[in-house]
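J.: Quick one: the structure is below, questions incoming.
Here, each number is a calculation from the coordinates, and none is a lab measurement. Just so you know, these numbers come straight off a predicted model, no measurement behind them. Ideal geometry is used to build each Cβ from the backbone, glycine not excepted, and the neighbour counts take in all protein chains shown.
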Amino acid sequence: MNRLLTTAAAFACLAGAAHAEGSLSVYHWFEYIPQELVDKFTAETGIAVTIDTYDSNEAMLASLKAGKLGQYDVAVPADFMVSIMAADGMLDTFTPEEMPNLGNIEQQWLDVYFDPGRKSSIPYQWGSTSYAVNRDVYTGPIDSLGVIFTPPPELAGKINSLDSQNEVLILGSLFLGIPQCTTDREQLKALNDMLLAAKEGWASFGSDTAKDVLVSGDAAAGMIYNGFSAKARAEGANVEYAYPKEGHVLWMDNVVLLKDAPNRENALKFMNFLLVPENAAAVTNYAAYTAGVKDVAPFLDEAIKTSPENNPPADATPGVFAQACDQETQQFYDAIWTNLKK
Amino acid sequence: MDLRRYPGFRAMTLLCLVILYTPLIVITVYSFNASTSITTWGGFSWRWYADVFTGPEAPRFRAAAWNSLTIALIAATTATLIATAAAVAMVRGGRFRGKSATFTLINLPLMVPEIVIAVATLIFFSMIGLTTGYLTILIAHITFCIPFAYLPIAARLQGIEATYEQAARDLYATRAQAFRLILLPLMMPGVISGYLLAFIISLDDFIITNFVKGAGMETLPTAIFGSVKQGIKPNIMAISTMMLAVSVLLVTLSYFVNRAGQKTRA
Amino acid sequence: MAGFAPKTGAEGTGYTRIVGPLLLPTWAMIGIFLVLPVALMAVYSFLTKEFRGGVIWDFTTAAYDQFFVTRGLFGDEPAAIEWTYIGIFWRSIWQAGVATLVCLIVGFPTAWFIATRPPASRQLWLFLITIPYWVNLLIRTVSLKFLIRDNGPLNESLMGLGLIDGPLPLVNTNLAVQLGLFYSYLPFMVLPIYAAVERYNFALSEAAADLYASRWVTLREIVLPVVRPGIIAGCILVFVPSLGAFLAPDLLGGAKTFMIGSLIEEQFKGSQGNWPFGAACAMILMTLVMIVLIAYARQQSRAEGG
């Protein structure tokens, strides 16, 4: 055992030494950054980048809390998760001098509720969550969330729901016109009952698979992120992304500087690099969402620039961000979700 | 009548193989698909194999495949050794205090859901100050491979009468000789079964590995997980096909080595 | 029939005195790297949850309370038994049971068939069963889904042959989940049974046949008791892991309902972020399995002790 620990310590030293030599450790969503862009960063700076991936905001939080904080330099949490991590003291801050490209951030994304004035985070990509239908199956109107929650006969039993509590419950609340984080019993009961009834018309739950089920035809409609919908269309599925009159969900993923980052300097370089319009555009071209960075337009692929998924009609109801409910209220929503999937 | 043959058993085996191999045929065929989408056939092409070796992610895949194979090899070997010793003690050790507790202990890795092992182990490693990396993956893999190796070995051992060894010992064989010359050859099918199970379990693990691996350390499952979940990509199918090819190659090799060995002995 | 079971007595083999050293690696490995972390989880299950993941070091039985007791959606109704989680457990147990049975029904004949091949080719057959598992489970499951979907190769060919008029709805059904579990765990049934059957002495069958026992009576009365350890090992290796399986239920079954695996997963990796509750679910699951295993081990050692 002693020998084992010594070996482990030796390993630890080796790892520590590696960190000092111009490396960068990124904790990122899977399939969210083009390898070419990472290679470009390495070519420009000589910094070797290692990327670890996660599949949900909460999985990232769990593994950081369980002991990986201090191993990574940057992570890419969504808006609400940035505030959670900040409240937990998991984020480091930077000064505007350390982030020369801060001025490249679009005005509307500078003073965001989860990081006022952008002291720990920069925008990565932002997008929306709504639903898409396969136009070969259903040709009716898609102006309402009712298509998903009270599906027309053509779509009944052919709908994929996201397997993500937050997004499903917010879309449900929008449909019923009730506020997020409500504590009103009647409203919560109504949400609970509506979802239980809606589930009758759903074929499956899946977030990562949301695009795949539309492309393969396993589902004819489904809640989906706008970028996924665009990719589904690009892969040949005849899908249309909806901007329902009740509204849709907006979100923004952000690159955050983690506390105890082993390579803080390199992390800042990386964040600056991502704020260069050409580089932000490269991510957008890959992920099909929208960069929160100015002057990316010249670098965007034509298909992305003009895609209906990234350009809501002028008269569309604006989207809303998820609110982080307090603990007391959140437990009602947890109960509704468990009830839905029990 | 041949008491070894039961009607339908051969058919059942063939059915098994059909079910096991049909999805693999799909993977192999579509790894040669020129199109990016699994839904359309774009003609025969080697492009995804080229992509695996020369594409932007090639170094990552290479490192991941190397890590996966070496970890599986070391973990399965170690777990099999540990499990073999444990099986001998449990089956040949008579009654001793804590026997059923030990039995439960051996099977504990099966009982705890993977995500719980993953989070708990990571917390534990960071508590004792063990930096996550190759070593932590290896430790975790050896631990959860033990029951998979143990159960077939113990099952085999339970069917071997002690009389052979007793006879050998009566003829002044040492315990080590009796083990090496009598017991080990008799229990070999169990050891091989256990080893194979441990190997494929280690090769396959995603959840635990993903938590206990260090930054930048990838195994094949962690390297490909994302691109499979969002809809399997052709380069992943190419990698899988190559893994199959490697395994077939190894099996064929070991078959001929075995046969040659048997011939020289005969 | 116990008399047919070979004697596995320890007398005279010389291992009784070195039981400790033989078991030491197992105790050390699992004791340090699993029991300690799991003990930590046991403690966690009695701690207060930190909002959205993590724990606060305040002792409470809230997690177990949540599992067994309900006070309505708003927490102000009289306490009653919470059936939600018991239901989820029951569904998972039932599903794992069916999967085990199916694996046994298919796996036993397969193991038997392999064990009765000429010795030289047996290993080849074993490899044949395990080669598919060189491909990652996720990939295998995804391609299985591809095969059985409404417009997939299976349905297309069945329709092409004129055997069915419309596609068989398989994806997102329990049948698909069972197929997935079967596909995930088959070798874990076949290999242990093979290891036991390979040792079977066919003279016993001949003796039975001489006494006019039919083939199937021989199988039930003579063979099964002898190869029972292999069958039990296989059943443990299939049943226990499939209790916590979630790839097959999620991808093939559509994830419409929680299984034990996905319920616990949700507590650590989902929005609910309730570690103590996830830990409590794991402890309850572990306790259930442990009761069964200890009962088996006790019965086993009583049988040995005579």
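J.: How far apart, in nanometres, would the label points at A:GLU36 and B:THR163 be if each is projected 7 angstrom from Cα along the Cα-to-Cβ direction?
T.: If labels sit at A:GLU36 and B:THR163, their model points lie 7.4 nm apart.
J.: Going by average Cβ density within 10 Å per residue, which order do the peptides B:221-233, C:215-227 take, highest to lowest?
T.: Taking the mean over residues of other Cβ atoms within 10 Å, the ranking is B:221-233, C:215-227.
J.: Let me know the charge dipole size of the protein assembly as shown about its Cα centre in debye, to the nearest 20, where only the beta-carbon of Lys, Arg (+1) and Asp, Glu (-1) is charged.
T.: In debye, rounded to 20, the protein assembly as shown gives about 4560.
J.: If you stretched the chain out fully between A:ALA234 and A:ASP143, how much longer would it get, using 0.36 nm times the residue separation minus the C-alpha to C-alpha distance?
T.: Result for the pair: 30.5 nm of gain on full extension.
J.: Next up: Determine, for A:LYS245, B:LYS99, the number of other Cβ atoms within 10 Å of each Cβ, and report the residues in order from fewest to most.
T.: A:LYS245, B:LYS99
J.: Determine the sum of side-chain charges near A:ILE170: Lys and Arg each +1, Asp and Glu each -1, restricted to other residues whose C-beta is under 13 angstrom from that of A:ILE170.
T.: Charge balance near A:ILE170 sits at -3.
J.: Taking the beta-carbon count within 10 Å as an exposure proxy, list B:ILE239, B:ILE160 from fewest neighbours to most.
T.: B:ILE160, B:ILE239
J.: Still on this model: When Cβ neighbours within 10 Å are restricted to other protein chains, what is their mean count per residue of peptide A:206-215?
T.: Other-chain Cβ atoms within 10 Å of each residue's Cβ, averaged: 5.
J.: Between the helical axis of B:134-158 and the dominant principal axis of chain B, each derived from Cα atoms, what acute angle in degrees is found, rounded to the nearest 10?
T.: The angle comes out near 50 degrees.
J.: I'd like the GluC sites (Glu not before Pro) in the stretch A:187-247 restricted to DSSP loop residues with at most 15 other Cβ atoms within 10 Å, sorted by number.
T.: Loop-located and lightly packed - A:GLU200.
J.: Hey, can you list the DSSP H helices of chain C whose Cα span along the axis is 30 Å or longer and whose average Kyte-Doolittle score is at least -1.0?
T.: TM-like helix candidates: C:83-115, C:174-197, C:275-305.
J.: R0 = 22 Å: FRET efficiency of C:ARG117 with C:ALA207, Cβ-based, nearest 0.05?
T.: Once the sixth-power term is evaluated, E becomes 0.40.
J.: Expressed as a fraction of 2.2 N^0.38 Å, the rule-of-thumb size for a compact globular protein of N residues, what is the C-alpha radius of gyration of the stretch C:24-305?
T.: 1.22
J.: Quick check: pseudo-label points 7 Å beyond the Cα along Cα→Cβ at A:ALA48 and C:ALA295, how many nm apart are they?
T.: Calculated label separation equals 5.5 nm.
J.: Follow-up. Give me the net charge for the shell around B:GLY55: Cβ to Cβ below 14 angstrom, other residues only, Lys and Arg +1, Asp and Glu -1.
T.: 0
J.: On a 0 to 90° scale, report how tilted helix A:35-45 is relative to the longest principal axis of chain A, with both axes built from alpha carbons and the result rounded to the nearest 10.
T.: 30 degrees
J.: Based on DSSP H runs of at least 4 residues, each adding -39500 (n - 2.57), what is the mean residue ellipticity at 222 nm of chain A after dividing by all its residues, to the nearest 500 deg cm²/dmol?
T.: So the helix-based figure for chain A works out to -11500 deg cm²/dmol.
J.: Also, quick follow-up: How would A:ASP326, C:ASP250, A:ASP92 line up from fewest to most surrounding beta-carbon atoms within 10 angstrom?
T.: A:ASP326, A:ASP92, C:ASP250
J.: In addition: At 7 Å along Cα-to-Cβ for each site, give me the label-to-label distance between A:GLN323 and B:THR252 in nm.
T.: A separation of 6.6 nm, rounded to one decimal place.
J.: Amide H of A:LEU91: which non-local residues (sequence gap of 5 or more, or other chain) have their own amide H closer than 5 Å, using H built in the peptide plane?
T.: A:LYS259
J.: Using every pair of alpha-carbon atoms in chain A, split the distances into 20 Å bins beginning at 0 and state the percent of pairs per bin, rounded to integers.
T.: 29, 55, 16, 0
J.: May I pose another question? Cut-off 10 angstrom, C-alpha nodes, Gaussian network model of chain A. Which of A:GLN71, A:GLN187, A:GLN125 fluctuates the most?
T.: Maximum fluctuation in the GNM of chain A, among the listed residues, is at A:GLN187.
J.: Place the peptides B:59-68, A:167-176, C:172-181 in order of packing, highest mean first, counting for every residue the other Cβ atoms within 10 Å and averaging per peptide.
T.: Averaged packing, sorted descending, gives the order A:167-176, C:172-181, B:59-68.
J.: Can you give the % of DSSP beta bridges in chain A that are antiparallel, to the nearest 5?
T.: 60 percent
J.: Can you compute 3J(HN,Hα) from phi for each residue in the stretch B:104-111, using the Karplus curve 6.51 cos²θ - 1.76 cosθ + 1.60 with θ = phi - 60°, rounded to whole Hz and x for Gly and Pro?
T.: Couplings: 5, 4, 4, 8, 3, x, 6, 7 Hz.
J.: With r as the distance between the Cβ atoms of B:TRP46 and A:ASP315 and R0 = 51 Å, compute the FRET efficiency 1/(1 + (r/R0)^6) and round to 0.05.
T.: The computed FRET efficiency comes out at 0.55.
J.: Also, quick follow-up: Pick from A:ALA232, A:ALA297, A:ALA210: which residue has the top mean-square fluctuation in a GNM of chain A where Cα pairs under 10 Å get a spring?
T.: A:ALA297
J.: So who's got an amide H within less than 5 Å of the one on A:TRP29, skipping anything under 5 residues away but keeping other chains? H placed 1.01 Å off N, in plane.
T.: It is A:TYR54, A:VAL76, by chain and number.
J.: What angle do you read, to the nearest 10 degrees and between 0 and 90, between the alpha-carbon axis of helix A:2-20 and the longest principal axis of chain A?
T.: 90 degrees
J.: Between C:ALA39 and C:THR16, what FRET efficiency follows from the Cβ-Cβ distance if R0 is 30 Å, with the result rounded to 0.05?
T.: 0.50
J.: All other residues with a Cβ under 15 Å from the Cβ of A:VAL74 taken together, and with Lys, Arg as +1 and Asp, Glu as -1, what is their net charge?
T.: That works out to -2.
J.: Which residue, C:MET286, C:MET189, C:MET41, has the most motion in a Gaussian network model of chain C that connects Cα atoms within less than 10 Å?
T.: Highest fluctuation of the listed residues: C:MET286.
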